[in-house]
Amino acid sequence: MTNSDQRGIEPDRLARKRDEFGRNGYCVLASAVATEVCHRVGREIADLLNSDFNDSIEAGGSSAKSSKSYVGARNLQQRWDGWRQITESPSVAEFAGSILGPRAGLVRILYFDKPPGKGWSLALHKDRTIAVKAHRTPVTPFAKPTTKAGVPHVEATPGLLANMLTLRLHLDAMHAGNGPLIVVPGSHLETKQSSSSDATEIYCHAGDVFVMRPMLSHGSRNAVAGNTDHRRVVHLELAADESLPGGYDWYQFSPV
């Protein structure tokens, strides 16, 4: 037996989830990915980061097996195709498809962890940047060109971001002790700066997929002293369409 909902989402439940998502800018797809899939994904990413993959961020220290500890990595789609284990989960596929439609694709994968002893917080923010193949002059309709780990990025328009989804698969439980995510419900519909006093903490089990709009204000708490639990997350960004304005192209677009 697995903890994954292999049957997908009942129509009434899907409608309720869509309403919740539209109102709050996020929802949790509980038990969306099977336990054995989470374990496999975790092993695959650990093997990748302990290879010669050079877009990873090392936390320092080593395990008894001399493997390194990493707090994050960018551009995983260049070297890892295991992401389909997440997007092909029935409940994930049904929910994402109902929001983005039939032409959706994966455009970026990030990985991050809060390992024991690394208990930082992260201020509220919105995810405004996208990865593109090349910078253009003029940069319009986008803005603020940057380069991250060798990949061009730009700040996208609100209209484009409103047609994107972020899927976060939790490989470990996220609880009050290991620096949980905080979000401001409804902030994806607002242009004003959100206040931390409006934020709510999000808890997840391993195998849950947290779905959000990029423009949702989100951050994270500090981990508590003495916490011994990792908080590993595989972060997938999906767009509704392969086309981009202004002559731009996605850095990578893989149909889902």
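A few remarks follow.
- Only one of LEU171, LEU124, LEU160 that is of a type in the set (A, V, I, L, M, F, W, C) and closer than 13 Å to LEU216 by Cα: LEU124
- Scanning segment 223-256 for residues that are hydrophobic (A, V, I, L, M, F, W, C) and in a loop (DSSP other than H, G, I, E, B) gives VAL224, ALA225, ALA240, LEU244, PHE253, VAL256.
- Scan segment 98-141 for residues that are assigned to a loop (DSSP other than H, G, I, E, B) and within 23 Å of ILE182 (Cβ to Cβ) and the total you get is 12.
- Sole residue being in contact with a strand residue (DSSP E or B) (Cβ under 6 Å, 6 or more places away or on another chain), at pLDDT below 95, surrounded by 14 or more Cβ atoms within 10 Å (Cβ to Cβ) and not aliphatic (A, V, I, L, M), chosen from PRO152, PRO115, PRO145: PRO115
- Condition check for VAL209: among the hydrophobic types (A, V, I, L, M, F, W, C), under 26 Å from ILE9 (Cα atoms) and buried (at least 23 other Cβ atoms within 10 Å of the Cβ): yes
- Taken together, the criteria exclude GLU190 from residues that are among the charged types (D, E, K, R), farther than 16 Å from PHE112 by Cβ and at pLDDT 95 or above.
Residues checked against (1) modelled with pLDDT under 95; (2) within 30 Å of ASN163 (Cα to Cα):
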{"residue": "ARG18", "(1), (2)": "no, yes"}
{"residue": "VAL28", "(1), (2)": "no, yes"}
{"residue": "SER62", "(1), (2)": "yes, no"}
{"residue": "SER66", "(1), (2)": "yes, no"}
{"residue": "TYR70", "(1), (2)": "yes, no"}
{"residue": "ARG79", "(1), (2)": "yes, yes"}
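- Out of LEU165, LEU169, LEU160, one residue alone is among the hydrophobic types (A, V, I, L, M, F, W, C), on the phi < 0 side of the Ramachandran plot and in a helix (DSSP H, G or I). It is LEU160.
- Within segment 102-127, the residues that satisfy the criterion of being charged (D, E, K, R) and under 13 Å from the mean Cα position of the chain (by Cα) are ARG108, ASP113, LYS126, ASP127.
- Selection count, segment 173-222, where residues are within 19 Å of the chain's Cα centre (by Cα), farther than 18 Å from CYS38 by Cβ, of a type in the set (S, T, N, Q) and not in a loop (DSSP other than H, G, I, E, B): 3
- When restricted to residues that are among the basic types (Lys, Arg), within 15 Å of the chain's Cα centre (by Cα) and assigned to a loop (DSSP other than H, G, I, E, B), segment 74-97 contains 1.
- Just one of the listed residues (PRO138, PRO180, PRO152, PRO116) is free of Cβ contacts under 8 Å to residues at least 12 places away in the same chain and either at positive phi or not aromatic (Phe, Trp, Tyr) (or both), namely PRO138.
The values are calculated or read from the model by the stated rules, or taken from the named source; none is laboratory data. All of these numbers come straight from a predicted model, not from anything done at the bench. So basically every Cβ, Gly included, is an ideal-geometry build from the backbone, and we count neighbours across all protein chains shown.
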